[in-house]
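Let me begin by presenting the structure, written as structure tokens, before commenting on it.
The values are calculated or read from the model by the stated rules, or taken from the named source; none is laboratory data. Keep in mind that what you see is a predicted model, and the values were worked out from it rather than measured. Methodologically, a virtual Cβ is constructed for each residue, glycine included, from the backbone with ideal geometry; neighbour enumeration extends over all protein chains shown. Note: accessible area is taken over every heavy atom of the protein model, side chains too, but ligands, DNA and RNA are not part of it. Shrake-Rupley method; radii C 1.70, N 1.55, O 1.52, S 1.80 Å.
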Amino acid sequence: MKKISLGMNWMRRIRGAQSDPIPVDLPDDFILNLPRSPDSESGASAGFFPGGSAVYKKTIDVPEEWSGMTALLDIDGAYMNAETLLNGRSLGVHPYGYTPWMIDVTDSLIPGEPNDLEITTRCNQPNSRWYTGGGLYRDVNLWIGEPVHIQPWSVFVRTTDLSNGEASVCVSLAINNASDAPASGTLAITMSDTTASAPITIPPKVLYETSMSFQIKNPSLWSAESPNLSDLVVKAETNHGTDEHRCHFGVRHITIDAKNGMRVNGNPVKLRGGCVHHDNTLLGAAAYPRAEERKIQLLKSLGYNAIRCAHNPPSSALLDACDRVGMYVIDETFDCWTLGKNDLDYHLYFRDWWRRDTEAMVRRDRNHPSVFCWSIGNEVVELGGVSDGAEWARKQADCVRGLDPTRPVTAAFFAWIRSGRAKGSPSRASGSRPDLNFDIDRLLDDTGASAEEIHAFMSSRQDMSMMDGFVNGVDVFAEISEASASALDAVGYNYLYKRYASDAAKYPARVIIATETHAVNTYDYYHAMLDNPNVIGDFIWTAFDNLGEAGAGRVMRGVKDLKEGMLGPWPWLSCFQGDLDLDGNRRPQSYYRKIMWGLDDGIHLFVKPPEFTGTTDYGLGWQWDDVRQSWTWPDAAGKAVDIQAYADCDEVEFILNGRSLGKSPVEKLKAVFTAEYQPGILEAVAWRGGKPTARTSLKTAGVPAVIELTPDRPVINADGVDLCFIKIRIADSEGVTIPSDTIELTVDVRGGTLAGFGSGNPFTDENYGTGKRRVWNGFALAAVRAPSAAGTILVTVSGGGLMDAAISVDCVEV
């Protein structure tokens, strides 16, 4: 079938808004540019964005020659409770906002006339624990084919064996004869310059399933390290015409067991993973292919080789990027089952829709070589047995295996699960809040508690997020999770690293995936994985900052901060947990982690803001120390400042303005030092075995002098959807970054469209869609959308009393 994009020329109306419909092109997140408010229904969970409903309308010109052909409407994602009408005829409702929706519209199209397509999306709050966005935020396409056609999601390519330089590959598919007459002809499949064919005869109104096997000598194998892709062409030539299906696939063979861990094409692999939500920060939930690709490229540059899609199926564009760039993927269905986490979330639809949504994810995604594992849920309370959890786990796992027997099925457990209740047997919970005997009111009084008491209290709260499932010395977690875990091929452990070794002894065949781990003690998590072959990977929460779950990764200075709860108060915008900030700039932990992974032999230098010298940075485990890559502190001359350096060495020497301040030992890749601040140049030298091995420095910035613009690519495609990301930096006359959070900039775009403008600031009352943004740590980011015709985009940035900066981006025909 031929795939035709319906991405351009829509009209969108936000229900309840006092405005006329406006033209939009997809992908479109109608929530992003709405005003944020401290009174929003979902609060910090959604980043203080509102909910809403939007109606999208489009006219499709359907040629007369489409008469008698099959048409399928393919909506890759519409958030949520999407309702579709074509020419006034209802095509149904799709509750889940993350799974693709394929609709047969053959009988609803009117050939030879303009056709009216209308899709209504509803993002009613509260429906999620994070920012979801809303609208037609992914691709919408139309598949057109002969009455006898290859079903798009039916084609399944899998490598069944790899040995002696030869790959065994099986291709299965289904051909639908939607006509009233028999079909006869030939089926031909071409891969790697090899074609196999067979005669076919299909009765009318029959879905014909078949398969072919191939032997490929000396194949170019796919792995995250060498992402070699191959082309597959399937052609059905019958008396009803010719239908063709094309796709990419990767020849690769993955084995996973508790003894040998994960092996890809026979080579051992430990997963250096990160969890990622679906949004693209300054673009909201809009799944632009280039934005998805940039996200994966940035993560790979940091040393990541795997991501976990948290906690829903991703866009097709993201998986395409993972295939091309090389990234292993855990593809996940749900964040809840029958028991909800929000009043209006998916638990309302789970019983009726879980099978359809699971099948849609697996059928769409199973040809992506990047996907190595399916997950059926995240931190689902039912996994302890309540609400028939073990039965639901088995049903879903069996459903997935029936569609794809080649990949393991997992689910992410955490300590806070509970069992069902029966007569004479009360419900049991594997997590409980210990009686810490703290007088909270006295602790909240700044003068009523000692530093030792406050430290003990704050530390105890962080430790609670790292529980191990034991209650009063009894391993309740093991007892109540075993039935659900036995339904899986690999068991996801969220924050349960203390169990790795003991569970290897208790369950010698159990494969563990560390599906979420904390930032604050990432060293311990990572080395626990390395020490246990049954643990195949470590997935940090999170790899890339995301909108919503706002403030969960913030540093807490004391009890008053903790009283706000897990999430932060207004105006927190993002979770602030990622190795990359909202703009894709590296945060301090990304430097640390790359050293920890053995991928960086350098040294990196950071400074705590002087007003917090000598204080402890508390949090709930997702925080990193509040340190900055800056030696510009105008009001701190003569004051003590805390310094950190990350390196794999014995000790670090600190040098200020050419004078050695002394050396500090390195513990778990970190050296700490306190020095008196003076402007100039601060240096750090890594020493190993008595010899210097690496050096870095920070220089005090002068006054703002220039706006610097750096495009990620100077040439983009003139396809109406490609993007150029432009990094904006404020620097002094010597090129040193000005670490300002107050300079407001404006972006003007000619010849293209400003798709998004933002900064990495996780704590701001600013709104998107205004064309204005204050820099954060001296940086901002603009995303410019290409036109549909070749030309040049001119981007001008102004503000801060500085000279305007401008660059041009060339757009070329695809």
Selection status of P426, in contact with a Cys (Cβ under 6 Å, 6 or more places away or on another chain) and either modelled with pLDDT of 75 or more or of a type outside the set (A, V, I, L, M) (or both): no
Any hit, the stretch 58-69, residues being over 30 Å from F576 (Cα atoms) and small (G, A, S): yes
Failed criterion for D279 (all others in (1) touching a helix residue (DSSP H, G or I) at 6+ places or on another chain (Cβ under 8 Å); (2) within 20 Å of P100 (Cβ to Cβ) hold): (1)
Every pair of residues 6+ apart whose Cβ atoms lie under 7 Å, when the first sits in the stretch 686-702 and is farther than 19 Å from K668 by Cα while the second is of a type in the set (S, T, Y) and open to solvent by 80 Å² or more (accessible area, probe 1.4 Å): G702/S733
When residues of the stretch 389-423 are limited to those that are at pLDDT below 95 and surrounded by fewer than 16 Cβ atoms within 10 Å (Cβ to Cβ), the one farthest from W337 (Cα to Cα): K423
Residue in the stretch 712-725 that is on the phi > 0 side of the Ramachandran plot, open to solvent by 20 Å² or more (accessible area, probe 1.4 Å) and of a type outside the set (A, V, I, L, M, F, W, C) present: no
The stretch 119-150, residues that are buried (at least 24 other Cβ atoms within 10 Å of the Cβ), in a strand (DSSP E or B) and not aliphatic (A, V, I, L, M): T121, C123, G135, G145, H149
Qualifying residue in the stretch 151-166 (condition: in contact with a Lys or Arg (Cβ under 8 Å, 6 or more places away or on another chain), open to solvent by less than 50 Å² (accessible area, probe 1.4 Å), in a strand (DSSP E or B) and aromatic (F, W, Y)): yes
Spans of strands (runs of 3 or more DSSP E) in the stretch 246-332 with at least 1 residues open to solvent by 30 Å² or more (accessible area, probe 1.4 Å) and within 18 Å of Q577 (Cα to Cα): 271-276
Check on W633, farther than 30 Å from N767 by Cβ, assigned to a loop (DSSP other than H, G, I, E, B) and touching a Pro at 6+ places or on another chain (Cβ under 6 Å): yes
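Does the stretch 604-623 hold any residues that are in contact (Cβ under 8 Å) with a residue 12 or more places away in the chain, open to solvent by 10 Å² or more (accessible area, probe 1.4 Å) and more than 20 Å from the chain's Cα centre (by Cα), and which are they?
We begin by selecting, within the stretch 604-623, every residue in contact (Cβ under 8 Å) with a residue 12 or more places away in the chain; these are 604-610, 612-623.
With open to solvent by 10 Å² or more (accessible area, probe 1.4 Å) added as a condition, the list becomes 604, 608, 610, 612-618, 620, 622.
Residues satisfying the conditions are H604, K608, P610, F612, T613, G614, T615, T616, D617, Y618, L620.
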Matching option when the condition is in contact with a helix residue (DSSP H, G or I) (Cβ under 8 Å, 6 or more places away or on another chain) and either hydroxyl-bearing (S, T, Y) or farther than 19 Å from W153 by Cα (or both), among L319, L302: L302
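Report whether or not A483 is out of contact with any Cys (no Cβ under 6 Å at 6 or more places or on another chain), open to solvent by 40 Å² or more (accessible area, probe 1.4 Å) and modelled with pLDDT under 85.
Taking the combined requirement at face value, the residue does not satisfy it.
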Some residue of the stretch 642-658 being in contact (Cβ under 8 Å) with a residue 60 or more places away in the chain and part of a strand (DSSP E or B): no
Residue ID - most open to solvent (accessible area, probe 1.4 Å), chosen from residues in the stretch 225-245 that are touching a Ser or Thr at 6+ places or on another chain (Cβ under 9 Å) and small (G, A, S): S226
The stretch 440-474 - residue that is within 35 Å of the chain's Cα centre (by Cα) and polar (S, T, N, Q) and, of those, modelled with the highest pLDDT: S459
Residues of the stretch 190-241 satisfying the condition of being without any contact (Cβ under 8 Å) to a residue 60 or more places away in the chain, among the aliphatic types (A, V, I, L, M), under 26 Å from N267 (Cβ atoms) and touching a Gly at 6+ places or on another chain (Cβ under 9 Å): L221
Residue that is surrounded by the most Cβ atoms within 10 Å (Cβ to Cβ), among those in the stretch 673-705 that are over 16 Å from D648 (Cβ atoms) and among the β-branched types (V, I, T): T700
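Conditions (1) in a helix (DSSP H, G or I); (2) β-branched (V, I, T); (3) open to solvent by less than 30 Å² (accessible area, probe 1.4 Å), marked per residue:
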site: D335; (1), (2), (3): no, no, yes
site: K341; (1), (2), (3): no, no, no
site: L344; (1), (2), (3): no, no, no
site: W354; (1), (2), (3): yes, no, yes
site: E359; (1), (2), (3): yes, no, no
site: V362; (1), (2), (3): yes, yes, yes
site: P369; (1), (2), (3): no, no, yes
site: F372; (1), (2), (3): no, no, yes
site: L383; (1), (2), (3): yes, no, yes
Residue in the stretch 762-770 that is surrounded by fewer than 16 Cβ atoms within 10 Å (Cβ to Cβ), out of contact with any strand residue (DSSP E or B) (no Cβ under 6 Å at 6 or more places or on another chain), of a type in the set (S, T, Y) and over 29 Å from W624 (Cα atoms) present: yes
Neighbours by Cβ (under 6 Å, 6+ apart or cross-chain): first from the stretch 74-86, in contact (Cβ under 8 Å) with a residue 12 or more places away in the chain and among the β-branched types (V, I, T); second open to solvent by 10 Å² or more (accessible area, probe 1.4 Å) and in a strand (DSSP E or B): I75/W101; T84/L91
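Which one is nearest to the chain's Cα centre (by Cα), of the residues in the stretch 624-641 that are under 27 Å from I730 (Cβ atoms) and open to solvent by 40 Å² or more (accessible area, probe 1.4 Å)?
Start the filter on the stretch 624-641 by keeping residues that are under 27 Å from I730 (Cβ atoms), which leaves 624-639, 641.
Those still in the list that are open to solvent by 40 Å² or more (accessible area, probe 1.4 Å) too: 625, 628-629, 634-635, 637-639.
Working: D625: 23, R628: 25, Q629: 26, P634: 38, D635: 39, A637: 42, G638: 44, K639: 41 Å.
Only one residue fits best here, namely D625.
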Selected residue (only one of T522, T542, T517 is in contact with a Cys (Cβ under 6 Å, 6 or more places away or on another chain), of a type in the set (S, T, N, Q), within 27 Å of T281 (Cα to Cα) and open to solvent by less than 10 Å² (accessible area, probe 1.4 Å)): T542
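Across the stretch 171-195, what is the number of residues that are at pLDDT below 95 and either assigned to a loop (DSSP other than H, G, I, E, B) or surrounded by 13 or more Cβ atoms within 10 Å (Cβ to Cβ) (or both)? Don't jump to the end; show me each part of the working.
Start the filter on the stretch 171-195 by keeping residues that are at pLDDT below 95, which leaves 191-195.
Next cut, either assigned to a loop (DSSP other than H, G, I, E, B) or surrounded by 13 or more Cβ atoms within 10 Å (Cβ to Cβ) (or both) only: 191-193.
Matching residues across the stretch 171-195 total 3.
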Test: residue in the stretch 720-736 that is touching a residue at least 60 places away in the same chain (Cβ under 8 Å), out of contact with any strand residue (DSSP E or B) (no Cβ under 6 Å at 6 or more places or on another chain) and closer than 24 Å to Q297 by Cα: yes
